[in-house]
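Any read-out appearing in this document is the output of simple, stated calculations on the displayed coordinates, not a laboratory observation. Since this is a predicted model, take the numbers as computed values, not measurements. Methodologically, a virtual Cβ is constructed for each residue, glycine included, from the backbone with ideal geometry; neighbour enumeration extends over all protein chains shown.
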Amino acid sequence: MNWLTVALIVLGLFFLVVGSIGMLRLPDVFTRSHALSLTDSLGGLFVLGGLAVHHGFSASFFKILLVLGLVYLLNPVVAHATIRAAYRAGLRPGKGEQDDL
Amino acid sequence: MSTFFFYVMVIITAVMLVYLYRVVRGPTVFDRVLGLNGISTKAIILIVLIGTLFERVDMFVDISTGYAILNLVGALAITKFLEQRGETSGEERS
């Protein structure tokens, strides 16, 4: 039982769960994108980092780091592209579409 | 250690169900694109976890890399298409 792996993965799971709560509760697409991209980057960093630590210094370590680099390339690019498309389609931040009450 | 990874996989699957709710019930189409992006990021992490559980991580990491590249290209294509479709595409038609 490697305690560093467990600590990193539990920390990453905390960020993933917080991101899902934000995705569920926030009012419009801009704030949802904020919740998604930030917590996904940090949660992916901690969970994949914990798995890389679990596998030790081998080829799998560098392959998991490559996947982590791809996640860090993918996540901000897709969030930025989605928000740019939403802005050009006429949505504006500040007035949410859904009313919780 | 194996049971710990199993419970981590269960929690990540529950998180993916929340994103699936957002994909199904998103008011605009951009919420659905965001939810799909979140689901595929969790799927990348989940594939690496499955490889760790099966002791074959050197094979499953390659699948995960391919999935990440496919998700990047697909999401960029969808957002480019929605961006070029013009002004009236923001609201949901039901």
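For A:GLY90, the criteria (1) part of a helix (DSSP H, G or I); (2) closer than 19 Å to B:VAL33 by Cα hold in every case but one, which is (1).
Would you confirm whether any residue within segment A:16-38 is surrounded by 19 or more Cβ atoms within 10 Å (Cβ to Cβ), more than 22 Å from B:PHE30 (Cα to Cα) and facing another protein chain (nearest Cβ under 10 Å)? No, segment A:16-38 contains no residue that is surrounded by 19 or more Cβ atoms within 10 Å (Cβ to Cβ), more than 22 Å from B:PHE30 (Cα to Cα) and facing another protein chain (nearest Cβ under 10 Å). The number of residues in segment A:1-15 that are in contact (Cβ under 8 Å) with a residue 40 or more places away in the chain and surrounded by 20 or more Cβ atoms within 10 Å (Cβ to Cβ) comes to 3. Apart from one condition, B:LEU49 fits all of (1) under 11 Å from the mean Cα position of the chain (by Cα); (2) under 19 Å from A:ASN2 (Cβ atoms); (3) not polar (S, T, N, Q); the exception is (1). For segment B:2-9, state whether one or more residues are surrounded by 22 or more Cβ atoms within 10 Å (Cβ to Cβ), within 7 Å of another protein chain (Cβ to nearest Cβ) and more than 15 Å from the chain's Cα centre (by Cα). Yes - at least one qualifying residue is present in segment B:2-9. Is it fair to say B:GLY51 is in contact with a Lys or Arg (Cβ under 8 Å, 6 or more places away or on another chain) and not hydroxyl-bearing (Ser, Thr, Tyr)? The answer is no for B:GLY51.
Taking the criterion of being without any contact (Cβ under 8 Å) to a residue 12 or more places away in the chain, in a helix (DSSP H, G or I) and aromatic (Phe, Trp, Tyr), the residues of segment A:26-79 that qualify are A:PHE61, A:PHE62.
Listed residues A:LEU70, A:LEU11; which is within 7 Å of another protein chain (Cβ to nearest Cβ) and out of contact with any Pro (no Cβ under 9 Å at 6 or more places or on another chain)?
Details: A:LEU11 fails: within 7 Å of another protein chain (Cβ to nearest Cβ).
The match here is A:LEU70.
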